[in-house]
Amino acid sequence: PPFPHSPDGGASHGPCASCGMAGFTDVGVLAGASLPLARPTLIFPAAGSGAIRGSAGGAPVGQRSSLSSTTPSLAASVAATSATVSAAATAAALAAGRNRRARRASGLVGRRRAAAVPSSEAPTPLVVEQASASRVRSPEDASRDSERDDVLQASLDKLFKAPSTWVDVGGAKVLRPPCWAPPRGVLHFLGGEFVGAAPHWTYRRFLARLAERGFWVVATPLSASFDRARLAKRSAETFEKAYQALLSRGTLLDDRLPVYTVGHSSGAYLASLLAAGAASLAPEAYAARLRGQVLISYRSQGLAEALPLGRGFWAQEELQSTFKDVAERLDDFGPSAEGLAEAALGLANLAARGLGLEGAPALLGGRERVGDLYAPVLAQLPELLREASSGLPDDTGARPTEGSASEYAKDVNLLLVQFEGDGLDETPELERRLASASASGVPRGNIKKETLPGTHLTPTYSEPPDLFDGTDAMGRAALSSEAPFDTALLGAGARLDGLVDALDKFLDPASPDVKTAERPPRVVLKGLTANDLRHPLDRRQTKALERIPGIGEAVRRVVSIVEQGIYQDNISSSVLVGEHQYPWLNKLLEHACSVLDIPKEQRPELFVRQNPVPNAYTLAVQSKRPFVVVHTALLELMCEDEVEAVIAHELGHLKCEHGTWLSAANIVLLGASTLPLPVRILGPILDRIQEELMIWQRAAELSCDRAALLVAQEPWVPVSVMVKLSGGGASAPGKEVLPRQQLEAFLQQAQKYDEAKAEAGLIGSMLNMTSQRTHPLPVLRARELRRWADSEQFRRILFDGKASEASP
């Protein structure tokens with residue numbers, strides 16, 4: 001158990017409040033003590049105290065220990081009584097061996113047991129420095145410090161090379177905004193009870209939306225605890241550690257960016273504690289840089305009251321031994337359960353792929369999901385039971401009072417967010433206390449309140465992918481293949497976007513003095529395959545046809561005959577791009593082929609054809625003479641970057657061989673039409689097959705938009721192409737990528753389309769003939785491209801797996 005004279009329940013450096021015993025410090029294990037535990041320490045009284053006590057608590061190996069009052073008398077006491085100390089330490093450690101808490105590494109979330117040291121092995125001796133030194137460290141300590149520094153530098157390197165990727169920095173989960181989003185601020189996020197243990201998963205969509213708006217997100221994981229003041233303090237310290245680490249990399253984070261705290265549910269309460277009691281709970285630098293706070297669904301009820309059976313049950317002394325025993329059993333089961341979960345998920349994903357369930361792996365996750373989400377969330381239960389076994393802390397000091405409201409940081413702007421369907425929210429009570437403090441003459445920052453549609457769980461909303469093809473409601477809307485519940489799912493997503501919009505308006509705009517984050521150089525994607533960029537539906541349908549023996553080769557032979565006639569027309573009536581004709585187009589073609597890893601023998605010829613309609617096309621078959629045709633009107637409308645995106649789109653058709661497989665599907669359709677079945681049976685079958693083919697063709701276009709994005713390696717160029725083809729380039733002064741404000745406005749039209757479609761209902765949907773289109777609607781197509789630019793799949797292809805060398 002914690003040392004009885006520790007005022008804060010752990011290793012302390014101050015005098016005991018109850019008996020006045022002098023302060024004590026952690027100094028680590030002395031040489032010669034044969035201990036059966038991995039992290040035993042000796043806790044010495046400060047100089048002048050006559051007692052020496054053993055404990056298995058204190059600082060674990062790998063953390064720095066210090067002597068708060070190291071004097072010659074203490075050093076002499078240690079030297080003169082080494083035998084007594086060794087015996088006392090051994091006895092204390094053996095007694096503490098029954099306490100599993102002593103064998104866990106301390107941490108913010110999901111602490112695990114450490115492996116025990118066999119009793120036959122002596123512990124590593126410490127190198128005791130001179131008597132005037134302020135700390136005692138072993139060589140292993142220095143080695144572990146070096147390893148931690150290496151891990152931290154690797155995390156910072158990953159943040160620099162791979163924006164929009166979650167990275168662990170000093171215990172916090174950090175999400176850097178994409179390179180194309182001007183940085184606007186730093187958000188310290190605190191999640192609610194239980195879900196706050198893995199905020200980068202449980203609030204994934206919400207936090208990603210904020211990063212897309214230009215905000216650094218530093219989410220501090222919080223395990224559920226009865227001691228909320230301790231949680232608030234740890235959260236601030238973890239944030240400060242991560243923030244300083246980010247600043248240490250000078251080109252990564254600008255220290256002029258404003259810092260805000262965003263909390264949800266009990267996390268909003270912890271955020272209010274940090275602002276109201278910043279002097280005692282948060283580092284001084286944290287309080288000094290805090291610009292504002294966003295408190296979402298504020299809830300101040302303590303965990304003991306919120307849990308089933310109430311505080312009276314969890315505070316019963318006669319149940320403490322039971323709580324402790326259950327916690328120890330869960331600790332024993334934890335590592336084996338984690339291994340079983342990883343194995344089970346691996347087998348489930350293999351089975352799902354074999355059955356053609358494209359969305360199952362994304363839904364279930366793999367080994368990373370087990371260690372990063374499931375384990376931290378489930379590890380909270382033994383932690384809570386262990387806390388209850390030691391007695392619940394008095395939570396009354398951490399409750400909101402009129403005084404705490406008056407102590408709220410005077411210059412911190414506040415946004416209070418309440419949802420219309422939230423029965424757990426206590427925002428009105430906080431609002432009343434703040435108003436009462438303001439009426440008493442206490443100056444403060446601006447306080448704004450937003451009431452939005454939604455529930456207490458709206459910030460945690462994340463739509464699961466479809467099991468069969470991996471699409472979601474927005475993706476199916478782009479394909480005009482909506483499922484029965486898609487309207488409800490789109491509505492839930494719209495409510496989350498409304499929350500993001502409310503925060504966006506409250507938080508400061510981008511400062512003109514702060515430059516956009518440095519963009520990594522464009523890379524060549526060595527080893528890129530067609531399936532890496534295929535839309536899930538495109539991939540599933542292609543795999544189904546590939547199972548038909550010989551159909552792909554048969555179609556290529558048939559198409560090659562048609563190709564010869566088209567080639568003769570192109571070579572006789574168009575301009576063949578090369579080193580001497582349109583050399584700048586030739587360079588764009590070579591570069592796009594290089595990025596998409598298209599071998600030289602498979603690279604198409606590029607023709608420019610006189611035509612007043614801006615367009616480009618390809619036969620999309622990897623045969624003897626692959627080609628791409630671009631109209632002159634398109635070259636007049638687009639800048640070079642946009643033309644390259646168009647060429648990359650057509651190369652996507654070639655890489656995926658859409659001409660081959662869509663032609664094969666049409667052959668299958670033709671064969672089905674010859675079946676000897678009655679018209680009333682055959683007609684619906686053919687109509688359904690034709691409808692599926694049209695959906696597949698629209699999915700193929702989305703696959704090729706991804707190819708354009710992989711070449712541009714940022715979303716605004718291909719989105720600008722779509723806007724210009726839709727009519728947005730007529731007023732542009734000169735050929736250049738359209739302004740970002742115009743592109744964002746075009747993307748917002750997709751939401752207006754969703755609203756209009758929902759209002760039209762079933763009859764309006766029937767009158768809208770989108771199901772007969774070969775291409776997705778432009779606004780939905782642009783939205784899908786923007787979403788994939790922010791997806792983990794795009795980041796993984798670009799930064800983790802396929803990027804291999806700098807592009808010219």
Judged on accessible area alone, 1.4 Å probe, highest first, 506, 313, 239 line up as 313, 506, 239
Each label sits 7 Å from Cα toward the beta-carbon; between residue 508 and residue 462 the label points are separated, in nm, by 3.0 nm
Non-local residues with an amide H under 5 Å from the amide H of residue 414, with H modelled 1.01 Å from N and Pro and chain starts lacking one, are 293, 446, 447, 448
The rounded separation in angstrom of the Cα centers of segment 528-579 and segment 347-389 is 40 Å
So residue 554 and residue 611, fully extended at 0.36 nm per residue minus their Cα-Cα distance, gain in nm 17.2 nm
Residues whose modelled amide H sits under 5 Å from the amide H of residue 628, counting only those 5 or more places away in sequence or on another chain, are 605, 606, 607
For residue 161, the accessible surface traced by a 1.4 Å probe with all protein chains present amounts, in square angstrom to the nearest 10, to 130 Å²
Measure of exposure for residue 188: accessible area at 1.4 Å probe, Å² rounded to 10, is 0 Å²
Length gained if residue 790 through residue 249 is fully extended, taking 0.36 nm per residue and subtracting the Cα-Cα distance, is 192.4 nm
Filtered hits (aspartates and glutamates, Cα-Cα < 17 Å from residue 448, offset >= 8 within chain) -> 411, 420, 425, 426, 429, 431, 501, 504, 508
Here the relative contact order (percent) of segment 227-294, from C-alpha pairs under 8 Å and at least 6 apart, is 43 percent
Applied in sequence order to segment 165-174, the curve 6.51 cos²θ - 1.76 cosθ + 1.60 (Karplus, θ = phi - 60°) yields integer Hz couplings, x standing for Gly and Pro, of 10, 6, 9, 7, 10, x, x, 9, 9, 10
Descending accessible area (1.4 Å probe), largest on the left, turns 735, 543 into 735, 543
Phi-derived 3J(HN,Hα) across segment 191-207 with the Karplus relation (6.51, -1.76, 1.60, θ = phi - 60°), rounded Hz, x for Gly and Pro, is x, x, 4, 6, 5, x, 5, 9, x, 6, 10, 6, 10, 4, 5, 4, 5
Residue separation between residue 318 and residue 435 times 0.36 nm, minus their alpha-carbon distance, gives in nm 37.8 nm
Scattering profile of segment 189-237 from the Debye formula, Cα beads only, expressed as log10 I(q)/I(0) at q = 0.16 Å⁻¹, is -0.45
Phi-derived 3J(HN,Hα) across segment 176-181 with the Karplus relation (6.51, -1.76, 1.60, θ = phi - 60°), rounded Hz, x for Gly and Pro, is 8, x, x, 4, 7, 9
Of the listed pairs 587/735; 724/757; 158/543, those with alpha carbons more than 30 Å apart are 158/543
Counting sequence-distant residues (5 or more places) and residues on other chains, those with an amide H built under 5 Å from that of residue 298 are 265, 417, 426, 427
Expected field for residue 151, accessible surface area in Å² at 1.4 Å probe radius, rounded to 10, holds 90 Å²
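The values are calculated or read from the model by the stated rules, or taken from the named source; none is laboratory data. Small disclaimer: the values here were computed from a predicted structure and weren't measured. Methodologically, a virtual Cβ is constructed for each residue, glycine included, from the backbone with ideal geometry; neighbour enumeration extends over all protein chains shown. SASA here: full protein model, heavy atoms, side chains in, ligands and nucleic acids out. Shrake-Rupley method; radii C 1.70, N 1.55, O 1.52, S 1.80 Å.
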